[in-house]
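Down below is the structure, laid out as structure tokens.
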Amino acid sequence: MASSEDPNASSPAEQPPKHYGITKPIFLSGPTEYDLQRNVELEKFLIDSGLYENKDEAAKREEVLGRIDQIVKGWVKQLTSQRGYTDQMVEDANAVIFTFGSYRLGVHGPGADIDTLCVGPSYVNREEDFFIILHDILDELEEVTELQPVPDAHVPVMKFKFQGISIDLLYASISLLVVPDDLDISHGSVLYDVDEQTVRSLNGCRVADQILKLVPNVEVDHVLSLTLVELTQLVTLYLTVALPDDTQMFEVTGFLGGVNWAILVARICQLYPNAIPSMLVSRFFRVYTQWRWPNPVILRSIEENELGFHTWDPRRNPRDRLHHMPIITPAYPCMNSSYNVSVSTLRVMAEQFDHGNRICQEIELNKAQWSALFEPYLFFEAYKNYLQVDIVAADVDDLLTWKGWVESRFRQLTLKIERDTKGMLQCHPYPKEYVDVTKPCPHCAFFMGLQRKEGLRGKEGQQFDIRGTVDEFREGINMYMFWKPGMDIYVSHVRRRQLPPFVFPDGCKRPRLSRHVSQQDERTYEDSAGCSSGSVERHTRRKIDHKTEDMRPAKLEKQTSVSSQLMESVAPESSTGGASDTSFSNGIRLECLATGDAEKKSDHRLSVGQLESEKEVLET
């Protein structure tokens, strides 16, 4: 061993700095005095905004996790006994609870859900033991509410609230008869002799562990991740007021979830290893504004393994070449965690990256405060045309399971519209649920903003007819194997001025137009729409006015037991008090602005064609 006096020994200062990731850092310098000052302001803003979880809520979460751990251990022992194993096996039978996602990374805020994985022995399966037997055990507990199994999801999950805390529970059966309490889930041996769904379930925890190992400063990453979760979920894209109760809805609609954001953040930490949060926030937006998708974001070299699981590789796998925004998980098997992203949702996120970058530049020039990044995104003022998706069921429990199925397929509506309009009609699915409490039946609704692709010069009177597209979507939804009488879905068109009051925080529509569009623009839009399709619209309105009392949506053949009152209870009403000119499912047609008007307003983000919808009876 070399002596400390050895002149040939390299001192720590002379050793090359360690770098993380697949490339060298962009910038190695630390913060300036000005950066430190802005960092203090940022942390103060986060504290004042209530983004940090208090000790009481943290303690309650730990208590809930402990209770769930007891329940699954008892569940496995019960199954072991029922299947005739020895008394010693029953005594040793075990299941282990792991957490992942934002909770595991320590970047969750108040009220966020807990992503949880239950690892059980080889003889306890997912299909029957988890989704039926454990489901029934949970259903009998008073502490458990809103229990919602989603066995057909890409990663099968059981969602519920335990003492008011939202839980997403996955299950993985590994090739061991007895699961030890100190199981090392990051070890590759847990992947032996398991199926693809189990691999996806296990990888949530494995990815979280790798992310923590691949960033230069975990504590800095925690602060930054919390900031960016709030920026991306509260400020830029998704929400109007607060963090969602169900962040999984972001992913199923084609946006990014917690793991995606964590990987993006970790890559910035690798590129700027000595930066503090105030610097990293601006670098985040700067880098991803300039990122050339579909170039992937990768934290480490993609690992190959003799186990032979599919790993992301567009050179060998043609399907991987179709991904629009690849964000690759660092744990084997390396996968694209953002496969759900579509052309439309990538456009929305790219716009918000650019918006965040401009705000950060203003903050650096002392022209704006951190609060400017947290201004709510006014989704219901951003577009002139929307699709409203109403989901109904006979009772609350049926609505919960039915809604889960629809949510898991909601992304398909965006993809089908992109396909059938050749990308010329852009969609913005909004991952937030709305409820109209005035309806007599259990109900919830989701919305999607629509606009013609910017810069597209179409013919005067050009139309996008998506009635067939919506019908195809509904047909897929109605194939639900657990369908019950009363479960139904309606898709209708609403213009911005016809949006229902229940989508606004105070139940009242905003008295002013969007800040992006002036009143003159609105009048010009109405005039041009009237010129291009006024006769059709007037004819449709007259037809509806004469037949309003007799107009009823026809029921699907298998839904004859549903009363007409239930079917009518979700019908969108016109904001003017007259009959709506919108219809369910197959009455949707998009008619674009005349080319001249599109050119005049080409600098407006909200330039869009007119949606025209004709009242028609539902057909089976």
### Query
In segment 296-309, how many residues are under 20 Å from L191 (Cα atoms), out of contact with any Cys (no Cβ under 7 Å at 6 or more places or on another chain) and without any contact (Cβ under 8 Å) to a residue 40 or more places away in the chain?
3
### Cross-chain or 6+ apart pairs with Cβ under 8 Å, segment 140-154 first and assigned by the TED database to the domain that holds K60, then among the acidic types (D, E) and open to solvent by 50 Å² or more (accessible area, probe 1.4 Å)
L147/D139; P151/E127
### Task
Scan segment 414-429 and report the pairs whose first residue is open to solvent by 30 Å² or more (accessible area, probe 1.4 Å) and whose second residue is small (G, A, S), with Cβ atoms within less than 7 Å and a gap of 6+ or a chain change.
L415/S342
### Query
Somewhere in segment 153-161, is a residue small (G, A, S) and open to solvent by 30 Å² or more (accessible area, probe 1.4 Å)?
no
### Task
Could you identify the single residue in T253, T227 that is modelled with pLDDT of 80 or more and not hydrophobic (A, V, I, L, M, F, W, C)?
T253
### Query
Just checking, how many residues over segment 379-398 are part of a loop (DSSP other than H, G, I, E, B) and farther than 20 Å from C444 by Cα?
2
### Message
Taking the conditions exactly as written (open to solvent by less than 70 Å² (accessible area, probe 1.4 Å), modelled with pLDDT under 90 and not assigned by the TED database to the domain that holds V348), does A445 satisfy them or not?
### Response
no
### Task
Looking only at segment 62-76, decide whether some residue is buried (at least 18 other Cβ atoms within 10 Å of the Cβ), in contact with a Gly (Cβ under 8 Å, 6 or more places away or on another chain) and within 30 Å of Q197 (Cα to Cα).
yes
### Task
State whether one or more residues within segment 176-186 are over 16 Å from P333 (Cβ atoms), touching a His at 6+ places or on another chain (Cβ under 8 Å) and open to solvent by less than 30 Å² (accessible area, probe 1.4 Å).
no
### Query
Does V144 count as in contact with a Gly (Cβ under 9 Å, 6 or more places away or on another chain) and buried (at least 17 other Cβ atoms within 10 Å of the Cβ)?
no
### Task
Check off (1) within 26 Å of V157 (Cα to Cα); (2) in contact (Cβ under 8 Å) with a residue 40 or more places away in the chain for P326 and give me the number that stays unchecked.
(2)
### Neighbours by Cβ (under 6 Å, 6+ apart or cross-chain): first from segment 181-208, closer than 18 Å to L169 by Cβ; second of a type in the set (D, E) and open to solvent by less than 10 Å² (accessible area, probe 1.4 Å)
none
### Query
Between residues in segment 361-377 that are closer than 15 Å to N39 by Cβ and open to solvent by 60 Å² or more (accessible area, probe 1.4 Å) and residues that are assigned to a helix (DSSP H, G or I) and of a type outside the set (A, V, I, L, M, F, W, C), which pairs lie under 7 Å by C-beta distance while being six or more apart or on different chains?
none
### Selection count, segment 317-354, where residues are within 18 Å of Q197 (Cα to Cα) and either part of a helix (DSSP H, G or I) or in contact with a Phe, Trp or Tyr (Cβ under 6 Å, 6 or more places away or on another chain) (or both)
5
## Note on the structure
All conditions in (1) open to solvent by 10 Å² or more (accessible area, probe 1.4 Å); (2) part of a strand (DSSP E or B) are true of T401 except (2)
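The values are calculated or read from the model by the stated rules, or taken from the named source; none is laboratory data. Keep in mind the model is a prediction, meaning the values are calculated, not measured. FYI the Cβ positions are ideal-geometry reconstructions off the backbone, even for glycines, and counts take in every protein chain you see. Only protein heavy atoms, including side chains, enter the accessible area calculation; ligands, DNA and RNA are left aside. Shrake-Rupley method; radii C 1.70, N 1.55, O 1.52, S 1.80 Å.
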